[in-house]
1. Hey, which of these cross-link pairs are over 31 Å Cα-Cα: K165/K256; K160/K239; K160/K227; K131/K223?
2. What translational diffusion coefficient, in µm²/s and rounded to a whole number, does the Stokes-Einstein relation yield for region 124-237 at 10 °C and a viscosity of 1.306 mPa s, taking the hydrodynamic radius as the Kirkwood radius over Cα pairs?
3. Counting only heavy atoms of the protein chains, get the accessible area per residue of the chain (1.4 Å probe) and round it to a whole Å² value.
4. Let me understand region 47-113 better: what is its radius of gyration from the alpha carbons, and its Dmax, in angstrom?
5. Tell me which residues come under 5 Å, amide H to amide H, from C61 once H is placed; ignore anything under 5 positions away on its chain.
6. Which lysines does K92 reach when only Cα atoms under 22 Å apart count, and residues fewer than 8 places away in its own chain are ignored?
7. Of all alpha-carbon pairs in region 171-288, indicate the percentage at a distance above 19 angstrom.
8. Rounded to the nearest 10 degrees, what's the angle between the helix 290-333 long axis and the longest principal axis of the chain, both from Cα atoms, 0 to 90?
Amino acid sequence: MAMVLLALTPGAWAADFSAKEVVLEHIKDSHEWHVWGEGENSIVIHLPVIVNSSSGWHVFCSSQFEHHADVSGLRQGPYGLAIATEGDHAGKIVENGEPVLDLSITKTVAVMFINVAILLCCILFSARWYKKRTAQDQAPGGFVGFIEMMVMYVVDEIIKPGVGKGYEKYVPYLLTCFFFIFTCNVMGLIPFPPGSGNVTGNIAVTFFLALCTFIIVQFSGNKHYWKDIFWPDVPTWLKAPIPIIPVIEFVGIFTKPFALMIRLFANMMAGHAIAVAITCIIFLVAAQAVAVQVSMSALSVIMSIFMMCLECLVCFIQAMVFTMLSAVFIGLARVEPEHE
């Protein structure tokens, strides 16, 4: 992919190339889906804009915003709205310099919808195969067999050991987490639509996933779970009159989902940023001598292939880790006291 881009990119363009802008464009959200090229020759998918400003609700296409920013750093649009390109509100739709309620279909949202549609098609296709079979039929092969293998692995090796007794009612949620994260991670490796979205590298997405786990853990907690938080089995002076341990345990309720959120967000965002940054080496040396350009380009391609292979493994590992930790947190909330 990188070598194709190099062949189609004029050498003079390398002088104005900014690796920082390329990396940030890939990992951040936006109201347009940039596909190819730069400037007036670029191919961009314009997405729906849904905002609530002082003049009411407005729905229009992001193509109505100016392509270039004015002297104040704003891409002017209809209804007195604009997209800020700099400052604290960079990338957001503003009115008179202040952000408005924005429910737009951004790039991340559009990619997430596509990923959900793909995931539903894969699962429903596999479920349809089982409806036409009985328990005595031969085990499935091909794509359906792969899905069955993944489901059985996650249930038997992650969910069941993590949650423990009564794990069955948590299987739907935890399987959904695993396959949603795995699908988003894999689709994010594709450098063109319908992929290229940094869904799990968006902290809003990981926040929502962690919040779901947090809610399930708290509602699954038994009496022993809450007793260990507010009146743990430690010396009395550690919990009264100054509740040192209870405060630490109570804070731990929130640090667990916070760790889930940051771990997935940071790992996926960093992986995408490193992969794109390595590819940018080609363009950074495009204006150098031929020997330097060829050698560094070859090194960049080799490193990009290595990073892509590593990212494929990371896609599975991050989905597995999130699911495993969620299962462990649920299991800890349901643990029974030991009887001596």
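The values are calculated or read from the model by the stated rules, or taken from the named source; none is laboratory data. All values reported here derive from a predicted model rather than from experimental measurement. Methodologically, a virtual Cβ is constructed for each residue, glycine included, from the backbone with ideal geometry; neighbour enumeration extends over all protein chains shown. Heavy atoms of the whole protein, side chains included, go into the accessibility calculation; ligands, DNA and RNA do not. Shrake-Rupley method; radii C 1.70, N 1.55, O 1.52, S 1.80 Å.
1. Listed pairs above 31 Å: K160/K239; K131/K223.
2. For these conditions, the coefficient is 91 µm²/s.
3. About 57 Å² of surface per residue is accessible.
4. Every Cα atom of region 47-113 included, Rg and Dmax give 11.4, 36 Å.
5. The list, which skips near neighbours in sequence, is V49.
6. K20, K28, K107
7. Values: 4276 of 6903 pairs.
Percent of Cα pairs beyond 19 Å in region 171-288: 62.
8. With both axes taken from Cα atoms, the answer is about 30 degrees.
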